[in-house]
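The values are calculated or read from the model by the stated rules, or taken from the named source; none is laboratory data. Treat the numbers as computed from the prediction; the structure is a model and nothing was measured. Counting neighbours? That spans all protein chains shown, and the Cβs are built from the backbone with ideal geometry, glycine included. Accessible surface is based on the protein model in full, side chains and every heavy atom, while ligands, DNA and RNA are left aside. Shrake-Rupley method; radii C 1.70, N 1.55, O 1.52, S 1.80 Å.
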Amino acid sequence: MARDCAQCGRSLPRSSYTANQYSKPIGESRCATCVHGHPSDTPAASQSDSGRYNVSKRASFEHRDLEDPFAQGAFRWVARGTYTSGARQGQECVVKWFKTGAVFAVDYFTLDIKAVDKALEIVNRFNQLNAVNKKIKINVPEVWTFTKDSSAQWAGQKALHEPFIEDYQKFNSNTGWVDDMTSWGEVMQALSHFSYHLSGGQFVLCDLQGGIYQREVVLSDPVILSRNREFGVTDLGPDGISSFFSQHCCNHFCRSNWTQPANPVQYFRPDMGTTMMRRTVPTQRSRRERTDNVIWE
């Protein structure tokens, strides 16, 4: 049962309170973040920029790469191209588009960017903890459009576009699977745990995957699990949050004061892939598409 914290005013589940605080009358109990939160746990998101952006307005793609994409997910294809303008000119990029029959594609553009916005907010704050010696960044996708002079198959189509990631690897999933054989797998588990603590039990940032660079780790396609299932088909809701923590074991990157669900239950089998719950999702937009006027060659 949710209860309003007497200090921060957020409506939070029981797992966000210590037993002592929850035993206090409504209006007096404070959540664990307000009671034990370290000042550096919640710095302003504007203090750091954890986004990795296109910094370009144009890119080109070989027809053969679009016809034979180098990667695919359950409902998306991924092809490689090259930036032709801006600070990243000459560097590699990727384009992601939906397979035939993906009826939720329009909604997914909005929800994918919405999930990235929330991930940026969480990662900004995690970076302020200085828990590791590298910054964590998120690839920020933009909705781009193929130009009219593209082939008939592609002209006018919209897709997601972002910088290419070298040596791509997966650290955890949205059902609780984790690569706990590496230190970076442990770091990402701590980031996921931190996201629950930071949000007062409302969200879990997971399905973390990307590449490790000299000065930073870059992630792409993050998933947000939420109490209200507001982030689309990969958001497994409260059952996903419970399943995730049923598999989570705190490591030395976690902090002892971070809250987590009491007695989590495993509803989903831990799987390395991204698990989806296919259902109709709202089309409400959190904000306008960032770059709907961007042009592709």
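What the table shows:
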{"item": "Extension reserve of the Gln214-Ser23 stretch, reckoned as 0.36 nm per residue once the Cα distance is removed", "result": "63.9 nm"}
{"item": "Fully extended contour minus Cα-Cα distance, from Ser183 to Arg80, at 0.36 nm per residue", "result": "34.2 nm"}
{"item": "Over 21 Å [Cα-Cα, region 73-184], rounded percent", "result": "50 percent"}
{"item": "Residues whose placed amide H lies under 5 Å from that of Arg229, excluding near-sequence neighbours", "result": "Gly237"}
{"item": "Region 142-153 - phi-based ³J(HN,Hα) in whole Hz, Karplus 6.51/-1.76/1.60, Gly and Pro as x", "result": "10, 8, 10, 10, 5, 5, 5, 8, 6, 4, 4, 5"}
{"item": "Most to least packed among 257-270, 194-207 [average Cβ atoms within 10 Å]", "result": "194-207, 257-270"}
{"item": "For Arg125, solvent-accessible area (1.4 Å; no DNA, RNA or ligand), Å²", "result": "60 Å²"}
{"item": "Under Karplus coefficients 6.51, -1.76 and 1.60, residue-wise ³J(HN,Hα) of region 180-191 in Hz, glycine/proline x", "result": "8, 8, 10, 5, 6, x, 5, 4, 5, 5, 5, 4"}
{"item": "Accessible heavy-atom area order of Glu230, Glu62, highest first, probe of 1.4 Å", "result": "Glu62, Glu230"}
{"item": "Label point distance in nm, Cys249-Tyr168, each placed 7 Å from Cα along Cα→Cβ", "result": "3.0 nm"}
{"item": "Long-range HN-HN contacts of Val94 with modeled amide H, under 5 Å", "result": "Gly81, Glu162, Phe164"}
{"item": "Cross-link partners of Lys137 among lysines (Cα-Cα below 18 Å; sequence separation of 8 or more within a chain)", "result": "Lys114, Lys118, Lys170"}
{"item": "Region 171-240: trypsin sites (Lys or Arg not before Pro) falling in loop per DSSP and having at most 12 other Cβ within 10 Å", "result": "Arg215"}
{"item": "Cβ-defined net charge surrounding Gly73, 10 Å radius [Lys, Arg +1; Asp, Glu -1]", "result": "+2"}
{"item": "Computed E for Asn257/Lys148 - FRET, C-beta separation, R0 51 angstrom, nearest 0.05", "result": "0.35"}
